[in-house]
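Take a look at the structure below.
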Amino acid sequence: MLPVLAAAWSLPAVAFLAALLLLRAPAWRSDGRGGVSDLFHELIRYGKTRPPGWSLNYLVPKSWFTHFYVVSVVWNGSLLYWLFRAEFLGESLPSWIQDMHRALGRDSQSEDMADSEYSSALLVLLLLWLHSCRRLAECLWTSVFSNGFIHIVQYYYGLGFYIAVGSTVLCQVPANVRTGKVVRLGYDVPFGDWFESVSCPHYFAELLIYVSMAIMLGFQNVTWWCVVMCVLFNQALAAVLSHEFYEKNFRSYPKHRKAFIPHVF
């Protein structure tokens with residue numbers, strides 16, 4: 001376990017949990033008067049969940065989500081390349097990565113990881129990179145972005161997340177290792193498959209991806225489970241906002257659907 005990394009991932013996890021709880025509190029509903037509650041909603045809402053007429057200060061187009069996956073493909077692809085060479089060609093990781101290991105408390109001289117643990121880290125990084133490639137392809141050739149916006153804080157968090165998550169995987173090993181056609185831009189109630197149970201199955205699937213990575217790294221890897229908790233609360237918050245949007249805008253929206261986890265939440 002790397003205490004610094006675990007603590008670093010715990011902070012955004014707690015922040016998202018707090019935001020999720022505040023979202024359910026009547027006192028924190030937006031009143032349009034420019035108070036603290038309005039600032040809170042400015043920071044957590046994006047795209048379709050931002051009511052029309054809100055301030056356009058510090059916003060960037062929602063289509064900039066694509067940047068997250070461009071950064072992830074390049075950055076995590078580079079990390080995958082270095083780890084692959086270290087694992088199979090016996091090369092050392094770049095010096096700055098070794099410095100990062102030491103700064104985070106990884107004592108590479110005193111820890112010996114089994115070959116299976118090296119393979120787990122490599123496999124997780126590969127899956128993360130493939131996941132990012134898939135999401136980038138969806139953004140470029142499948143997704144239809146509306147004229148919505150995201151706050152600049154959310155944008156920088158997204159960029160930082162994909163840099164940090166790949167770096168976290170790399171820190172699990174010692175340093176001295178060996179199109180679709182657009183019909184219209186409106187929103188409809190989705191049906192079929194997981195949509196019959198939850199409003200946002202893609203957010204739930206995102207959580208399952210990170211849980212599967214955690215299982216491969218080992219149940220005892222507290223640092224990565226902190227990453228999972230961060231993803232859990234982040235995706236739960238986004239799912240609740242989308243769920244409320246559907247319930248507000250579609251009177252016939254199925255009452256039995258949950259927001260995020262089938263039959264649970």
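The values are calculated or read from the model by the stated rules, or taken from the named source; none is laboratory data. Nothing here was measured: the structure is a model prediction, and the numbers come from that model. Positions of Cβ are generated from backbone atoms using ideal geometry, with glycine treated the same way; all protein chains shown enter the neighbour counts.
Please count how many residues of region 42-99 are under 27 Å from Phe149 (Cβ atoms), not polar (S, T, N, Q) and not in a helix (DSSP H, G or I).
Looking only at that region, the number is 12.
Condition check ((1) modelled with pLDDT of 90 or more; (2) in contact with a helix residue (DSSP H, G or I) (Cβ under 7 Å, 6 or more places away or on another chain); (3) farther than 20 Å from Leu126 by Cα) across all residues:
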| position | (1), (2), (3) |
| --- | --- |
| Thr168 | yes, yes, no |
| Val173 | no, yes, no |
| Lys181 | no, no, yes |
| Tyr187 | no, yes, yes |
| Gly192 | no, no, yes |
| Val240 | yes, yes, yes |
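Please work out which residue is surrounded by the most Cβ atoms within 10 Å (Cβ to Cβ), limiting yourself to region 194-228 and to residues that are in a helix (DSSP H, G or I) and among the small types (Gly, Ala, Ser).
Step one: filter region 194-228 for residues in a helix (DSSP H, G or I), giving 194-196, 201-217, 222-228.
Okay, now just the ones that are also among the small types (Gly, Ala, Ser), so 205, 212, 214.
Values: Ala205: 11, Ser212: 13, Ala214: 20.
The residue in question is Ala214.
Taking Tyr162 and the conditions (1) at pLDDT 85 or above; (2) part of a loop (DSSP other than H, G, I, E, B), which numbered condition does it fall short on, given that it satisfies the others?
Evaluating Tyr162 over (1) at pLDDT 85 or above; (2) part of a loop (DSSP other than H, G, I, E, B) leaves (2) as the failure.
All but one of (1) among the aliphatic types (A, V, I, L, M); (2) in a helix (DSSP H, G or I); (3) modelled with pLDDT under 95 hold for Val231; which doesn't?
Looking at each condition in turn, Val231 falls short on (3).
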